[in-house]
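Participant: Sharing a structure, written as structure tokens. Questions coming.
The values are calculated or read from the model by the stated rules, or taken from the named source; none is laboratory data. These numbers were taken from a predicted model, which means no experiment stands behind them. Neighbour counts run over all protein chains shown; Cβ positions are idealised from the backbone, glycine included. Note: areas computed on protein heavy atoms with side chains; ligands, DNA, RNA excluded. Shrake-Rupley method; radii C 1.70, N 1.55, O 1.52, S 1.80 Å.
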Amino acid sequence: ILNVLEFNADRKRMSVVIRNPEGKIVLYTKGADTLIMERLAKGQKTVEATKKILEDFATEGLRTLCCAMKKVDESYWKEWNVRFQKAATSLSNRQAMLDAAAEEIETDMTLVGTT
């Protein structure tokens, strides 16, 4: 695990950045369905069907989460990680800086599924 982007009530999601066994860096995110949906890459075929399933679950009174992932380029991660580490060690405005770093990387994700 390279980074943990912790859950908070404002973000309504959490993420981890990992290096997989093949050496590739991957971001995995889980969180509130509406917030994950707006951070997905465009043109995914499963999104509309998933929205219908989420509607059905909500009608039954079930709470739902979505899971998404994104492959992260090594050079991008290195640059982003500098900003993330600066935010994580900041003595002032720490949470806002961490949230901004999370917003930056949690974009253009691929929908993995819903629970």
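Participant: Is it fair to say Asp99 is within 16 Å of Arg11 (Cβ to Cβ), touching a Cys at 6+ places or on another chain (Cβ under 8 Å) and either surrounded by 12 or more Cβ atoms within 10 Å (Cβ to Cβ) or free of Cβ contacts under 8 Å to residues at least 12 places away in the same chain (or both)? Lay out the reasoning, then the answer.
Facilitator: Working: within 16 Å of Arg11 (Cβ to Cβ): yes; touching a Cys at 6+ places or on another chain (Cβ under 8 Å): no; either surrounded by 12 or more Cβ atoms within 10 Å (Cβ to Cβ) or free of Cβ contacts under 8 Å to residues at least 12 places away in the same chain (or both): yes.
No.
Participant: Looking at Cys67 and the list (1) closer than 19 Å to Ala87 by Cβ; (2) surrounded by 15 or more Cβ atoms within 10 Å (Cβ to Cβ); (3) of a type outside the set (Ser, Thr, Tyr), which single condition is not satisfied?
Facilitator: It fails just one condition, (1).
Participant: For the range 44-61, give me the residue count where each residue is under 19 Å from the mean Cα position of the chain (by Cα), in a helix (DSSP H, G or I) and among the hydroxyl-bearing types (Ser, Thr, Tyr).
Facilitator: Adding up the residues that qualify gives 1.
Participant: Please enumerate the residues belonging to the range 17-45 that are β-branched (Val, Ile, Thr) and either farther than 15 Å from Val72 by Cβ or open to solvent by less than 30 Å² (accessible area, probe 1.4 Å) (or both).
Facilitator: First, the residues of the range 17-45 that are β-branched (Val, Ile, Thr): 17-18, 25-26, 29, 34, 36.
Within the range 17-45, Val17, Ile25, Val26, Thr29, Thr34, Ile36 qualify.
To keep it simple, each residue is scored yes or no on (1) free of Cβ contacts under 8 Å to residues at least 24 places away in the same chain; (2) open to solvent by less than 100 Å² (accessible area, probe 1.4 Å); (3) not basic (Lys, Arg).
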| position | (1), (2), (3) |
| --- | --- |
| Val47 | no, yes, yes |
| Lys71 | no, no, no |
| Lys78 | yes, no, no |
| Lys86 | yes, no, no |
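Participant: Restricting attention to the range 4-28, and to residues there that are β-branched (Val, Ile, Thr) and in contact with a helix residue (DSSP H, G or I) (Cβ under 8 Å, 6 or more places away or on another chain), which single residue is nearest to Ala102 (Cα to Cα)?
Facilitator: Val17
Participant: Between a first residue in the range 6-18 that is of a type outside the set (A, V, I, L, M, F, W, C) and a second residue that is in a strand (DSSP E or B) and open to solvent by less than 30 Å² (accessible area, probe 1.4 Å), which pairs have beta carbons less than 7 Å apart while being 6 or more apart in sequence or on different chains?
Facilitator: Between residues of the range 6-18 that are of a type outside the set (A, V, I, L, M, F, W, C) and residues that are in a strand (DSSP E or B) and open to solvent by less than 30 Å² (accessible area, probe 1.4 Å), the close pairs are Lys12/Gly31; Lys12/Ala32; Arg13/Thr29; Arg13/Gly31; Arg13/Ala32; Ser15/Leu5; Ser15/Leu27; Ser15/Thr29.
Participant: While we're looking at this one, here's another question. State which residue pairs qualify: first residue under 16 Å from Asp99 (Cα atoms) and inside the range 29-44, second residue of a type in the set (Asp, Glu) and in a loop (DSSP other than H, G, I, E, B) in any location, beta carbons under 6 Å apart, and separation of 6 or more residues or different chains.
Facilitator: Close Cβ pairs satisfying both conditions: Thr29/Glu106; Arg39/Glu106.
Participant: Criterion first (at pLDDT below 95, open to solvent by 40 Å² or more (accessible area, probe 1.4 Å) and in a loop (DSSP other than H, G, I, E, B)) does Ala9 satisfy it? Explain how you work it out, then say what you get.
Facilitator: Working: at pLDDT below 95: yes; open to solvent by 40 Å² or more (accessible area, probe 1.4 Å): yes; in a loop (DSSP other than H, G, I, E, B): yes.
Against the criterion (at pLDDT below 95, open to solvent by 40 Å² or more (accessible area, probe 1.4 Å) and in a loop (DSSP other than H, G, I, E, B)), Ala9 qualifies.
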